[in-house]
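Trainee: Take this structure first; my questions come after.
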Amino acid sequence: MNPVLSSGAREDQLGKRTDIPFFDQSETFRRLWPEIRENCVRVMDDGKFSHGSMVAELERALERWTGARHVVGVNSGTDALVLLLRAAGLRPGDEVVVPAYTFVATATAVVHAGGVPVFADIEPHGYGIDPGSVERAVTERTRAVMPVHLFDSLADMEGVTRVARAHGLTVLEDSAEAIGMRSGGTHAGLLSTGGVLSFFPAKTLGAVGDAGALLTDDDAVAETARMTRHHGRSGRTLAAFPGISNPTVVTGCNSKMDDLQAAVLLAKLARLDADIARRSELSHRYDQRLRDLPGVRAVPGDAPHAPGRDRVVYVHLVEVDDRDALAAHLAAAGIGTEVYYPRPLHLQPCFAHLGYRPGDFPRAERVCRSALALPLHADLTDAQIDRVCDEVERFLTGGTR
Ligand SMILES: *Cc1c(COP(=O)(O)O)cnc(C)c1O
C-alpha cells in the first residue's frame, strides 16, 4: 500500500501497525461529511458527472480564494502542467528549464507538451531553482523556465524573472504544492504567465482521487486550456461552422475534472484556511523541537521569510545524513514518513538520453540523499508531533547507534 494513501491506523507493507500514518484524512471526512454528502447528492440528483455545474462552481470559488482571473479545473496537476505549457505556446523541440529536484511530473509534462526539459540546480539555502543555474542552462532553443514552489516556500521568482527577461523566456510556475502561498498578496501561479494546482489526495487541498487546476490572469491562455481539456472544442459557435455549436479548434485531450471531485473539493475549501493555520502550528512545533538537534541541517522552514510572503507548509522536511536509517527507525516506531524526492530528475532512467551525469547538480543530489518528510496534516495532534520528535531525537542522540 502506498503510505501516502494509507488512512488511519492500518497496516503498512510489512504488516506492521502504523500508529502515526504519514497522511490521513479520515478525521477530515468525518467532520465534513454532511457538507461533502450534500454536494455529492446534488451532483447525483443532477445526473451530470461531467460538464455539470459543480466544476464551474469550484472554479469560481477558487478564483475568489486565489485572486486568479481564471481557474480551469482539470483531471490532475500533471495535466494542468501539460495544458499550461501548450497554452503558453510551447512548440515541438522548445527547451524548458526546470529544477533537477522536484516531482517527476514537472519534467514529464514538458515532454508531453512537445518540449525538451533542461535541468538546473537548486539554491544553496533552499529547495527552489537557482537563477544562476537557470542562466547557465539557457541555449538558443530555450523557450521557457518553470520554477517549482516546493514544500513550504516560493521559489525565487524575482531572480528567475530577471534571467527570463534577459533571455526573452516565458515564465510558468509548477505551483502544484503551493495552494495558499503568496508573495505580496499575489497567489502562487499568478507570479508569472500561469501556474497549476494539484488536488492529489495528499496535497494541502486534496480530492478523493485525482484532480487539478490551471490558474492564470491571461485570457488567451485560459481559453486555450479550456478548449484543450475538452477535446479541443470551443464552447462558442464559430461563424465558419453555422449551426455546429462545438467546433474542434485545437488538438485537445480529455482532461476534464469530474464533478464529484469538485463536489468534495468545494466542501473542503471552506476549511482550507483553518487547515493551513493548523499545519503551520504543527510545523512550528516540529521546528522548535528539532532544529537544534545534532545532525539536523537547517531547512528553509528555519530561514527567516521575506516580508509579505505567506508561508504554507505542505510538507515538513528534515535533512539528516543517515536519512534511510532514520526512516527505518521511525517505521519501527509506527511512524510513517516519505522521501521527497528519492532521485534527482537528471538521473532518472526516463531522461538518460539527455546525457546528464552524477555530479551535474550537486545540491539536488545531496537533498535527494538526506531529506525526509515527517507526518503533517491538519488532523494531527500536538501529542503526535511530540511523539515523532521524541523518536527523531532518540535516533539522533544515539538511542539506536
Ligand atoms: C503533486 C505534484 C504534481 C502533480 O500533480 P498530480 O495532481 O499528482 O498530477 C506536479 N508537480 C509537483 C511539484 C507536485 O508536487
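Trainee: Condition first: away from the ligand (no atom under 16 Å from the Cβ) and under 22 Å from Ala109 (Cβ atoms). Can you find one or more residues in the range 198-214 that meet it?
Mentor: Here is the first cut: in the range 198-214, the ones away from the ligand (no atom under 16 Å from the Cβ) are none.
Within the range 198-214, not a single residue is away from the ligand (no atom under 16 Å from the Cβ) and under 22 Å from Ala109 (Cβ atoms).
Trainee: Is it true that some residue in the range 291-301 is touching a Gly at 6+ places or on another chain (Cβ under 7 Å) and at pLDDT below 90? Show your work before the answer.
Mentor: Step one: of the range 291-301, the residues touching a Gly at 6+ places or on another chain (Cβ under 7 Å) are 300.
Checking the rest, the ones that are also at pLDDT below 90 come to 300.
Yes, some residue in the range 291-301 is touching a Gly at 6+ places or on another chain (Cβ under 7 Å) and at pLDDT below 90.
Trainee: How many residues does the range 68-96 hold that are more than 15 Å from the ligand (Cβ to nearest atom) and within 18 Å of the chain's Cα centre (by Cα)? Before the answer, list the steps.
Mentor: Let us first name the residues in the range 68-96 that are more than 15 Å from the ligand (Cβ to nearest atom), namely 68-70, 86-95.
With the extra rule that they be within 18 Å of the chain's Cα centre (by Cα), the set shrinks to 68.
The number of residues fulfilling the criteria is 1.
Trainee: Just one of Gly252, Gly232 is away from the ligand (no atom under 16 Å from the Cβ), open to solvent by 20 Å² or more (accessible area, probe 1.4 Å) and at pLDDT below 90; which is it? Write out each step before concluding.
Mentor: Details: Gly232 fails: open to solvent by 20 Å² or more (accessible area, probe 1.4 Å).
The match here is Gly252.
Trainee: Look at Gly159 and say whether it is more than 16 Å from the ligand (Cβ to nearest atom), farther than 20 Å from Ala88 by Cα and assigned by TED's automatic domain parsing to the domain that holds Arg141.
Mentor: On the way: more than 16 Å from the ligand (Cβ to nearest atom): yes; farther than 20 Å from Ala88 by Cα: yes; assigned by TED's automatic domain parsing to the domain that holds Arg141: yes.
Yes: the conditions hold for Gly159.
Trainee: Which members of the range 166-186 meet the condition of being open to solvent by 10 Å² or more (accessible area, probe 1.4 Å) and either in contact with an Asp or Glu (Cβ under 6 Å, 6 or more places away or on another chain) or farther than 18 Å from Ala105 by Cβ (or both)?
Mentor: Ala166, His167, Gly168, Leu169, Thr170, Val171, Arg182, Ser183, Gly184, Gly185, Thr186
Trainee: Going through the range 81-119 one residue at a time, which ones are out of contact with any helix residue (DSSP H, G or I) (no Cβ under 8 Å at 6 or more places or on another chain) and in a helix (DSSP H, G or I)?
Mentor: Val111
Trainee: Can you name every residue in the range 370-384 that is touching a Lys or Arg at 6+ places or on another chain (Cβ under 9 Å) and surrounded by 15 or more Cβ atoms within 10 Å (Cβ to Cβ)?
Mentor: First, the residues of the range 370-384 that are touching a Lys or Arg at 6+ places or on another chain (Cβ under 9 Å): 370-372, 376-380, 382.
Across the range 370-384, the qualifying residues are Ser370, Ala371, Leu372, Leu376, His377, Ala378, Asp379, Leu380.
Trainee: Still on this structure: Which one is farthest from Gly212 (Cα to Cα), of the residues in the range 41-57 that are in contact with a strand residue (DSSP E or B) (Cβ under 9 Å, 6 or more places away or on another chain) and either assigned to a helix (DSSP H, G or I) or β-branched (Val, Ile, Thr) (or both)? Full working, then the answer.
Mentor: Taking the range 41-57 first, the residues in contact with a strand residue (DSSP E or B) (Cβ under 9 Å, 6 or more places away or on another chain) are 50-51, 55-56.
So of that shortlist, the ones also either assigned to a helix (DSSP H, G or I) or β-branched (Val, Ile, Thr) (or both) come out as 55-56.
Details: Val55: 11, Ala56: 13 Å.
Checked the range 41-57; the qualifying residue farthest from Gly212 (Cα to Cα) is Ala56.
Trainee: For the range 120-149: of the residues being more than 18 Å from the chain's Cα centre (by Cα) and part of a strand (DSSP E or B), which is surrounded by the most Cβ atoms within 10 Å (Cβ to Cβ)? Walk me through how you get there before you give the answer.
Mentor: First, pick out the residues of the range 120-149 that are more than 18 Å from the chain's Cα centre (by Cα): 120-121, 123-125, 130-144.
From the residues that got through so far, the ones that are part of a strand (DSSP E or B) too are 120, 142-144.
On the way: Ala120: 27, Thr142: 21, Arg143: 20, Ala144: 24.
Among those residues, the one meeting the criterion is Ala120.
The values are calculated or read from the model by the stated rules, or taken from the named source; none is laboratory data. Small disclaimer: the values here were computed from a predicted structure and weren't measured. FYI the Cβ positions are ideal-geometry reconstructions off the backbone, even for glycines, and counts take in every protein chain you see. Side chains are part of the model used for accessible areas, which takes the heavy atoms of the whole protein and leaves out ligands, DNA and RNA. Shrake-Rupley method; radii C 1.70, N 1.55, O 1.52, S 1.80 Å.
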